[in-house]
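Laboratory data are not the source of any read-out in this text; all were calculated from the coordinates shown. Since we're looking at a predicted model, the values are computed, not measured. Glycine also receives a Cβ, built like all others from the backbone with ideal geometry; neighbour counts cover every protein chain displayed.
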Amino acid sequence: KNEVEQSPQNLTAQEGEFITINCSYSVGISALHWLQQHPGGGIVSLFMLSSGKKKHGRLIATINIQEKHSSLHITASHPRDSAVYICAVRETSGSRLTFGEGTQLTVNP
Amino acid sequence: ETGVTQTPRHLVMGMTNKKSLKCEQHLGHNAMYWYKQSAKKPLELMFVYSLEERVENNSVPSRFSPECPNSSHLFLHLHTLQPEDSALYLCASSLLGWGNTEAFFGQGTRLTVV
């Protein structure tokens with residue numbers, strides 16, 4: 001069992017829908033990252049969180065340290081949001097990042 | 001464009017070939033990483049270089065040989081690979097101690113071993 005679990009694994013939405021992707025982890029962490037990977041392979045860092053909530057444009061990321069859970073929300077989704085979204089955590093016990101398997105999001109026009 | 005450039009973008013090589021992957025960044029970062037991404041699997045950390053010294057080798061077979069000649073360049077030398085080594089190889093860079101700072105990724109090299 002991976003220490004970082006994402007759900008759902010695959011998500012299909014219609015343009016304009018509100019989207020939520022979840023990430024649960026089982027270890028103590030010092031930071032959590034949300035990454036976006038487009039079909040070409042390149043990865044972009046979206047957020048780095050250690051508490052609370054961050055917002056960037058239509059993207060919102062939240063984290064609940066007590067519940068070991070984070071969510072990534074996309075408002076007014078668009079086909080260009082179609083990508084794999086990856087959650088990664090930095091454990092407090094080490095310097096390594098542990099990655100989730102990713103959520104494949106497809107937004108249809 | 002993230003500021004991290006990987007070449008080539010695609011590579012097909014035979015099992016007896018020797019090839020190298022290149023990664024370059026001019027972001028002023030002092031840590032660089034090689035990751036492997038296989039289908040349906042999480043990203044796997046292969047190597048970490050910090051201030052041009054290898055600080056982590058994540059049990060990677062010796063047929064993969066990294067080189068970091070300076071803080072802006074990172075290479076992954078490949079020889080006698082196996083078909084199961086076919087994957088997307090991603091380079092990333094960050095200020096020291098990624099995990100608590102953001103990292104920037106290259107576009108990756110899609111490697112196929114035939």
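Things to note:
- Comparing mean-square fluctuations of B:83, B:66, B:42 from a GNM of chain B with C-alpha springs under 10 Å, the top value falls on B:42.
- 3J(HN,Hα) couplings calculated from phi for segment A:80-85 with the Karplus curve 6.51 cos²θ - 1.76 cosθ + 1.60 (θ = phi - 60°) are, in sequence order, 6, 7, 4, 5, 9, 10 Hz; Gly and Pro show x.
- A crude spin-label estimate for the pair residue B:101 and residue A:18, with each label 7 Å from Cα along the Cβ direction, gives 3.7 nm.
- Virtual paramagnetic centre 7 Å along Cα→Cβ of residue A:10, amide N under 17 Å, in segment A:48-92: A:82-85
- Candidates per trypsin sites (Lys or Arg not before Pro) in segment B:30-114, loop by DSSP, up to 16 other Cβ within 10 Å: B:40, B:63
- Computed over chain A with a Gaussian network model linking Cα atoms closer than 10 Å, the most mobile of A:91, A:15, A:67 is A:67.
- Loop-located chymotrypsin sites (Phe, Trp or Tyr not before Pro) in segment A:6-109 whose Cβ has at most 13 other Cβ within 10 Å (DSSP): A:18
- Residue list for segment B:30-74, given a label point 7 angstrom along the Cα-to-Cβ vector of residue B:20 and an amide N cut-off under 15 Å: B:64-74
- Among A:71, A:30, A:93, residue whose mean-square fluctuation peaks in a GNM of chain A (springs only between Cα atoms under 10 Å): A:93
- Label point 7 Å beyond Cα of residue A:64 along Cβ direction - residues of segment A:12-53 with amide nitrogen under 19 Å: A:19-34, A:49-53
- Fewest-first sequence of B:77, A:33, B:10 by Cβ atoms within 10 Å of each Cβ: B:10, B:77, A:33
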